[in-house]
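First comes the structure, then the notes that go with it.
Each value in this text was obtained by applying a stated rule to the coordinates, not by laboratory testing. For clarity, every value in this text was computed on a predicted model and none was experimentally measured. Cβ coordinates were reconstructed from backbone atoms using ideal geometry, including for glycine residues, and neighbour counts include every protein chain displayed.
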Amino acid sequence: MAKQDSDISSENKDQKEALKDYWNDTYKKDISKLNWYEEKPRPSLKLIKMCNLKKDAAILNVGAGATILIDELLKLGYNNVIANDLSANALSKIQERLGENNDKVTWLVDDLTDPKELLTLGEIDLWVDRAVLHFFTEKKEQDTYFQIIKKLVKKEGFVIIAVFNFKTDDESEALPVYRFEQNMLQFKLGPEFKLIEDFNYTFKGPYGDTREYVYTLFQRI
């Protein structure tokens, strides 16, 4: 039994390394050519505005990739921004764009399904996820994700999750995905989080293809 457990552990480690390699290779490319490139993250900014946060609020963008959202948050004057991703190459794309301003952001290369650095953070005011949760297809991965939220987000803090909804054609994605509705996210978060806003959103990529999302804003009560 011990050998079998060891084999499973080794297999999981290999899968995680393969996934990290996949994303690192992906973000060696010109990000404007990626199917999910978003020139202006308007839906996320709309929900962030609704939070009415102070400029020193701790904002954690998980699964950030090379998102323009980090740039936009700095332009809006937020000065306590944290960017997380599994891929160091992804975050380096943002750092290159920001130039000397990259020292205004805290950078965390960490795995949301097996977190280490993330767990050392103090309380945060806002959790922002614009497209990472749907890649966690296993219950254990999802449970870990929501446990981190509950550990980090302070009382009266906010959670923004944008995730593929049931209109999305998951067969068009390079990786397996798990689709959600608002009520599924509410169930995962539990009664201590209240749904403030939600809407469906059709994202049009740089090549004209579309992806269907549900955007949600919750507040911890």
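Taking 21 Å as the cut-off for C-alpha to C-alpha distance, list the pairs among LYS116/LYS155; LYS116/LYS154; LYS49/LYS188 that go past it.
LYS116/LYS155; LYS49/LYS188, as the Cα separations exceed 21 Å there.
Which value in deg cm²/dmol, rounded to the nearest 500, describes the helix-derived mean residue ellipticity at 222 nm for the chain, given -39,500 (n - 2.57) per DSSP H run of n ≥ 4 and division by the residue count?
Helices in the chain give a 222 nm mean residue ellipticity of -10500 deg cm²/dmol.
Going by the alpha-carbon gyration tensor, a ≥ b ≥ c the square roots of its eigenvalues, is segment 32-154 rounded (a/c under 1.5) or, if a/c is not under 1.5, prolate (a/b greater than b/c) versus oblate? Could you put the intermediate results ahead of the total?
Details: a/c = 1.43, a/b = 1.20, b/c = 1.20.
Since a/c stays below 1.5, the shape of segment 32-154 is classed as rounded.
When PHE166, PHE158, PHE135 are ordered from fewest to most other Cβ atoms inside 10 Å of their Cβ, what list results?
With the sparsest Cβ surroundings first, the list reads PHE166, PHE135, PHE158.
Listing VAL128, VAL153 from the residue with the fewest other Cβ atoms within 10 Å to the one with the most, what is the order? All intermediate terms of the calculation are to be shown ahead of the outcome.
Numbers: VAL128 29, VAL153 24.
Going from least to most buried by this count: VAL153, VAL128.
Under 10 Å, Cα contacts only: if you run a Gaussian network model on the chain, which one of GLY157, GLY208, GLY77 comes out with the highest mean-square fluctuation?
Maximum fluctuation in the GNM of the chain, among the listed residues, is at GLY208.
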